[in-house]
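**Student:** Structure below; questions to follow.
The values are calculated or read from the model by the stated rules, or taken from the named source; none is laboratory data. If you're wondering where the values come from, they're calculated on a predicted model, not measured in any experiment. Positions of Cβ are backbone-derived with ideal geometry, glycine not excepted, and every protein chain shown enters the neighbour counts.
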Amino acid sequence: MDMEPDVLASISYHRRKELAETLLIVVPVFLAVGLAAYLILINLELDVLIAVAILAGIAVFIGSIYAATTRASFNRFVRPAPDGEWASLEDLRDALESVSIGAGIDAPELVVLDLPTVNSVAFIRKGMPVVGVTRETAARTFSRAEAEGMMAHEVAHIILGDALKPMDIGHMRSIDFLLLVLLGLVAAFGIFLGLREEPATATISVLVGYAFIIWAGTLLAFMLRRYDKARRHDDILADSIAIKITSDPGGLKDLVARLDAQMKAAIEIPPRSACAGHLFVYPRPGRGDAPFSDTRAAFTVLSVSSEDRNTRQERERETIRLRLENLEAIENGNWPAFPGGH
């Protein structure tokens, strides 16, 4: 990859930060939940090996559900569009090949996705990077600068290593629900055994376990907000890398602003699953259907207050503002995303 040292340093830092954020989410929460479930079982005076075997079995069951639902959500999101008249597909493919050469990577595959609005997304399919454009993007005519700006942004996400994956960390938003299911199954098992012997022991074990899951859920919510901030930052970094490739900050700034305005006015918008956070311009929570309209929508409706949705909506609006400010700074010769600002 033939890029300046400050750009490569920012890419390396981003990857390390993403890994650290991921570990900070996964490790403490799963240790806490594992301890909670273990306490429920061991306090019932079960043999240690039996308790661990029960916990492992339930964890595998829940993990299988999690893997199946997240992969299904991913597959729905990147479903190919039916054949149609794609006026700009060849122009977009040429632009993608051009910016890929500029970035020093092999050009990824370009596909048309069955999604509404003018949008694009970089994702990983069968271990290979792919750039997807929506139906309206493929059917609409773009200038060469606009096509290169959009494609360069998606190529930048591929370079950063944060293209959408089937088991993307964004799906951690469903973990709070799945952990409650896991502990619920463990608790039900504990109550069943306890009622056969000592009801008081079963009750205490369940209460202790849920004290831990409350703490774990609080930690999870905090760390998800931290990860969300990191994700918003990588859009800014992706824009900055895209400008290093295209040398046209004004064109990308105008494109981001225009597509954001079109998204606000759109009647049909992409489903707001965790995958939607990877779109070039993504839908606002708080409009239309549930904030994450996939297999966990019912739980989300019950658990996310209107205040939470409004807060998330403000954060997403801020994302666009920060992206536009970053691009304006680049127009003025400053590069906030890179060490030294250049």
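**Student:** Within the stretch 289-298, is there a residue that is assigned to a helix (DSSP H, G or I) and modelled with pLDDT under 60?
**Tutor:** Scanning the stretch 289-298 turns up at least one residue that is assigned to a helix (DSSP H, G or I) and modelled with pLDDT under 60.
**Student:** Before we move on, is residue 93 modelled with pLDDT under 95 and among the basic types (Lys, Arg)?
**Tutor:** Spelling it out, it is not the case that residue 93 is modelled with pLDDT under 95 and among the basic types (Lys, Arg).
**Student:** Please find, within the stretch 108-127, the residue that is surrounded by the most Cβ atoms within 10 Å (Cβ to Cβ) out of those that are in contact with a Pro (Cβ under 7 Å, 6 or more places away or on another chain) and farther than 20 Å from residue 83 by Cα.
**Tutor:** Checked the stretch 108-127; the qualifying residue surrounded by the most Cβ atoms within 10 Å (Cβ to Cβ) is 122.
**Student:** Can I ask one more? Name the single residue, out of those in the stretch 27-47 being of a type in the set (A, V, I, L, M) and at pLDDT 70 or above, that is nearest to residue 165 (Cα to Cα).
**Tutor:** 27
**Student:** Would you mind stating whether residue 261 is modelled with pLDDT of 85 or more, part of a helix (DSSP H, G or I) and under 19 Å from the mean Cα position of the chain (by Cα)?
**Tutor:** no
**Student:** Specify which of the listed residues (79, 93, 71) is among the basic types (Lys, Arg) and either farther than 23 Å from residue 271 by Cα or buried (at least 18 other Cβ atoms within 10 Å of the Cβ) (or both).
**Tutor:** Unique residue meeting the criteria: 93.
**Student:** If a residue must be at pLDDT 90 or above and of a type in the set (D, E, K, R), how many such residues does the stretch 130-173 contain?
**Tutor:** 7
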